Amino acid sequence: MSEAEGAKGLTYADAGVDIDAGNLMVDKIKPLVRSTRRKGADGEIGGFGGLFDLKAAGFSDPILVAANDGVGTKLKVAIEAGKHDTVGIDLVAMCVNDLVVQGAEPLFFLDYFATGKLDPEQGAAIVGGIAEGCRMAGCALIGGETAEMPGMYAAGDYDLAGFAVGAAERGSLLPSANLAKGDVILGLASSGLHSNGYSLARKVVQKSGLAWIDPVTFGEGITLADALLTPTRIYVKPLLAAIRETGAIKAMAHITGGGFPENIPRVLPHTLSAEIDLDRISPSDVFSWLAETGGIAPHEMLRTFNCGIGMVIVVAQEDASAVIASLTAHDEVVVPLGRVVERGESQGVIYTGHLAL
C-alpha cells in the first residue's frame, strides 16, 4: 500500500462541518418544538417537510397569508453580549405581527439558522426563544433548517430568518374597504425598540462609550444589553380576540422599519391620511436616551424607530370604546393617537404636537 493510499482521507468535520453537533442540537430542540403543538400540527421535526391540517384547525374556506422576516442587526447585540435566548422571540414576532394585521391567525412557523461553527447550546437557546415566541402567538413550530457554513460567517456570528403562515376565512381579511374620514386611530404600546433601527442604535452605543454589561441610567438594575435586547411584543392573541369580540377593527399597521410614515399609509386608501397627535405618545426612556446620546432629531426618530407604539389600529369612532375595552382586558396599553382625515395635497401621515423625547 502506498503512503497516499494509507493516509487518512478528508472528512466533512475537517472542512468545518460537524454533523454530530447538528444531530445533538436536533435532540436538544425536540422538546421545545413539541411545546408549540396546536390543532392542525402534531408532527415531529426531522422529516423532509412540516405538515399542517387546515381542517383540523377549524377553517372551512380559508385564505392563506404568508410572511417572512429576520431580526436584523439586533443579532449583533445578542452576539456581542453573549445573550441568545430572546432573539428567537423577535424572529417570530416580526413575522406573526405582519400576519395578524391582515386579520389572519398564525398557524405555523419555520426557521432558518445559519452559522459558521455550530454550538449546540447556543443553537438550542435560540430555538428556545423561537418556541417561546410560537407559544405566545399560538402557532406551531413545524420545521426549520440549521446550516453550518464555515467561511461564510465570522467566528461566533450567526443569522436568523423566519417564515410564518396564517389563515383567515374568506371575506374577513384586513384592511376592510370601509375606511373613512373620521375613523379613530389607536396605538398599542411597544416593549422597546422591537427589531428595527439597530444599525443606528449600535452607532449611538459606540458613541456613548458604554459596554453591553454596563448599567444604564434610564433603568434600574438593567444593563445596556438588557435594554436593547428586550424582545419584540407579540400582539397576536389580544388582536385576534378584539377582532372576534368586536368585529370592529378596520385596519392595522405593524410599526416596523420606517416607523409611522412608511407603515401607516400601507393600509389606507390613497385618498386618506393619518393625523397623529405626538403629544399622546410617551416614548420609553430607551428612546430618549438614543435621541439625546446620538443627537437624533425627532423626525429621524419617527422614521427609524417605533418610538413607543408597536401597532396601529383603525376603527370607526362609535366602535373605539369597545375595541379599547377588549384590548385593555387582554393586557394591552392602548393610546388614542388621532384620526383619519382626507389626504388632499398632504402626506400619508400628518403630525400635530411634539414627541416627548
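Quick rundown of the values:
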| item | result |
| --- | --- |
| Exposure ranking of Phe163, Phe48, Phe108 by accessible area [1.4 Å probe, largest first] | Phe48, Phe163, Phe108 |
| The chain, helix-only ellipticity at 222 nm - DSSP H runs n ≥ 4, -39,500 (n - 2.57), divided by all residues, nearest 500 | -10000 deg cm²/dmol |
| Label-point separation, Glu300 to Lys83 (7 Å along Cα→Cβ), nm | 2.6 nm |
| Accessible surface, the chain, averaged per residue in Å² (probe 1.4 Å) | 46 Å² |
| Amide H partners (placed H, <5 Å) of Gly258, local residues excluded | none |
| Bridge type composition, the chain - antiparallel percent by DSSP, nearest 5 | 75 percent |
| Label zone at Glu275, where the point sits 7 Å out along the Cα-to-Cβ direction: the stretch 333-353 residues whose backbone N lies under 15 Å | 337-353 |
| Rounded accessible area of Glu300 (nearest 10 Å², 1.4 Å probe) | 60 Å² |
| Per-residue SASA entry for Lys117, accessible area with 1.4 Å probe, Å² rounded to 10 | 120 Å² |
| Vicinal HN-Hα couplings computed from phi for the stretch 138-146 (Karplus, 6.51 cos²θ - 1.76 cosθ + 1.60; Hz; Gly/Pro x) | x, 10, 9, 8, 9, x, x, 9, 10 |
| Length released on extending from Phe218 to Arg170, taking residue separation times 0.36 nm less the Cα-Cα span | 12.6 nm |
| Anisotropy class of the stretch 230-269 from Cα gyration tensor, a/c 1.5 cut | oblate |
| Exceeding the 31 Å Cα-Cα cut-off - candidates Lys76/Lys237; Lys30/Lys83; Lys55/Lys76; Lys55/Lys237; Lys83/Lys250 | Lys55/Lys76; Lys83/Lys250 |
| Length gained when the stretch Ala15-Lys207 is fully extended (0.36 nm per residue, less Cα-Cα span) | 65.2 nm |
| Carbon + sulfur, % of accessible area of the chain - ligands and nucleic acids excluded, 1.4 Å | 52 percent |
| Total formal charge among the other residues, if their Cβ is under 10 angstrom from that of Pro336, Lys/Arg +1 and Asp/Glu -1 | +1 |
| Accessible area (Å², 1.4 Å probe, nearest 10) - His330 | 70 Å² |
| Solvent exposure, largest accessible area first (probe 1.4 Å, DNA, RNA and ligands not counted), of Asp111, Asp69, Asp27 | Asp27, Asp69, Asp111 |
| Tensor-based shape of the stretch 225-357 (alpha-carbon gyration tensor, a/c under 1.5 rounded, otherwise prolate or oblate) | oblate |
| In order through the stretch 228-240: 3J(HN,Hα) via Karplus (6.51 cos²θ - 1.76 cosθ + 1.60), integer Hz, x for Gly, Pro | 8, 9, 3, x, 4, 6, 9, 9, 4, 5, x, 6, 4 |
| Heavy-atom accessible area order for Ile296, Ile276, largest first, 1.4 Å probe | Ile296, Ile276 |
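The values are calculated or read from the model by the stated rules, or taken from the named source; none is laboratory data. Quick caveat: nothing in here was measured; it's all calculated off a predicted structure. FYI the Cβ positions are ideal-geometry reconstructions off the backbone, even for glycines, and counts take in every protein chain you see. Ligands, DNA and RNA are stripped out before the accessible areas are found, and what is left, the full protein with its side chains, is counted by its heavy atoms. Shrake-Rupley method; radii C 1.70, N 1.55, O 1.52, S 1.80 Å.
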